[in-house]
Amino acid sequence: MNELLNVLYVQTQGAVLHLEHDTVRVELERETRLRAPLIRLSGIVVFGRVTVTPFLIQRCAEDGRSLVWLTTTGRFMARVEGATRGNVLLRRAQHLALSDATRPREIARQIVAAKIQNSRNVLLRGARDAGDTGRAEALTRAAARLATSLEQLRTARTLDEVRGVEGEAAHSYFSGFWQMVRAGDEFSTSGRSRRPPRDRLNAVLSFLYALVQNECASALEGVGLDPQIGFLHALRPGKPALALDLMEELRPALADRLALALVNRRQLQADHFEEFPDGGVYLTDEGRKAVVTAYQQRKTEEVQHRVLKQKVAFGLVPHVQARLLARHLRKELSDYPAFVYR
């Protein structure tokens, strides 16, 4: 149970949320675990098997306070809001920002800067772990190229230039990323491949990215933003552009490092994968179960959030970032503070 940015997040399974005068009372096994005054809450988000009493639902609707239901894995299920809440205004702000001459570029710049910083941190950590070896030198060189990309990003004048820097940085990052794989020939790769993934390591990455993308889409839905109206990624029918935007800053820490851990610690073996006639390689049911189990554990780990200045479970970071983005779109924040992991 966490209160972040004036939003109450309840992940404890079996919890019951009651309305008690002007307070939310969270009960577990008939014991009161938390009391939160309604006056300081702008929303409530519950995960999985959490019960909200009808009286509290009604009160939230009357006050214009959002109430969001997600599955235990973070998939968006529903949102209830009363007539006084104006998510149409938030979505209008989202559309206006997209039409602005400079705001898409600046939002994209912040996202890409965070992605590059987080990617560079992954490489530098890998270099430290590699010790005094040729592999460490290769990782350090790749990290240096990412530092150059950050400098280039500061002077990018157009959205296309920001996208160009992002593409070059991604190439530099993955040239170093493969150097951190220590699992042997069964996880060898010739580079990043997708749709379909052509080897086992790419199969793990693609599956984890799909999980992170789902988390981001759910977080955006929970706030009231349209996951398809993005800034860095181009708009296309059926493409969750904003979810892909939000995912960029999160995946080095939330997905890439987990993929390396699963492979290098031999938690995934060759028999966790299967090959298809089209050349694609995918996780088996057992393989997906192993990855999902590790991913759910990763989401419970806490990380220091530089904006909130407090520790936050990794699983809540997409929700915090979605709300910060909403505040920026409403012009309550001058810039979008993208997530940087240390």
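The values are calculated or read from the model by the stated rules, or taken from the named source; none is laboratory data. This is a predicted model, so every value here is computed, not measured. Here the Cβ positions follow ideal geometry from the backbone for every residue, glycine too, while neighbour counts run over all protein chains shown.
Select, from 131, 64, the only residue that is free of Cβ contacts under 8 Å to residues at least 60 places away in the same chain and not assigned by TED's automatic domain parsing to the domain that holds residue 235.
Checking each option against the conditions leaves just 64.
Please indicate, with yes or no, whether at least one residue in the stretch 218-239 is part of a helix (DSSP H, G or I) and charged (D, E, K, R). Full working, then the answer.
Taking the stretch 218-239 and keeping what is part of a helix (DSSP H, G or I), we get 218-223.
Those left that are additionally charged (D, E, K, R): 221.
Within the stretch 218-239, one or more residues are part of a helix (DSSP H, G or I) and charged (D, E, K, R).
Against the conditions (1) crowded, with 21+ Cβ neighbours inside 10 Å; (2) touching a residue at least 24 places away in the same chain (Cβ under 8 Å); (3) outside the structural domain of residue 316 (by TED's automatic domain parsing), where does residue 119 fall short? Just the number, please.
(3)
Just to be sure, is residue 65 surrounded by 18 or more Cβ atoms within 10 Å (Cβ to Cβ), basic (Lys, Arg) and either closer than 14 Å to residue 1 by Cα or within 27 Å of the chain's Cα centre (by Cα) (or both)? Outline the logic, then answer.
Values: surrounded by 18 or more Cβ atoms within 10 Å (Cβ to Cβ): yes; basic (Lys, Arg): yes; either closer than 14 Å to residue 1 by Cα or within 27 Å of the chain's Cα centre (by Cα) (or both): yes.
For residue 65, the condition - surrounded by 18 or more Cβ atoms within 10 Å (Cβ to Cβ), basic (Lys, Arg) and either closer than 14 Å to residue 1 by Cα or within 27 Å of the chain's Cα centre (by Cα) (or both) - is met.
Got a sec? Which strands (runs of 3 or more DSSP E) wholly within the stretch 10-57 have at least 3 residues that are exposed (fewer than 13 other Cβ atoms within 10 Å of the Cβ) and not assigned by TED's automatic domain parsing to the domain that holds residue 312? Before the answer, list the steps.
On the way: elements: 16-20, 23-28, 31-37, 43-47.
Hits in the stretch 10-57: 31-37.
Condition first: charged (D, E, K, R), crowded, with 17+ Cβ neighbours inside 10 Å, within 24 Å of residue 306 (Cβ to Cβ) and not assigned by TED's automatic domain parsing to the domain that holds residue 80. Can you find one or more residues in the stretch 196-215 that meet it?
Checking the stretch 196-215: at least one residue is charged (D, E, K, R), crowded, with 17+ Cβ neighbours inside 10 Å, within 24 Å of residue 306 (Cβ to Cβ) and not assigned by TED's automatic domain parsing to the domain that holds residue 80.
Give the residue that is surrounded by the fewest Cβ atoms within 10 Å (Cβ to Cβ), with candidates limited to residues of the stretch 291-336 that are free of Cβ contacts under 8 Å to residues at least 60 places away in the same chain, outside any loop (DSSP other than H, G, I, E, B) and touching a Phe, Trp or Tyr at 6+ places or on another chain (Cβ under 7 Å).
303
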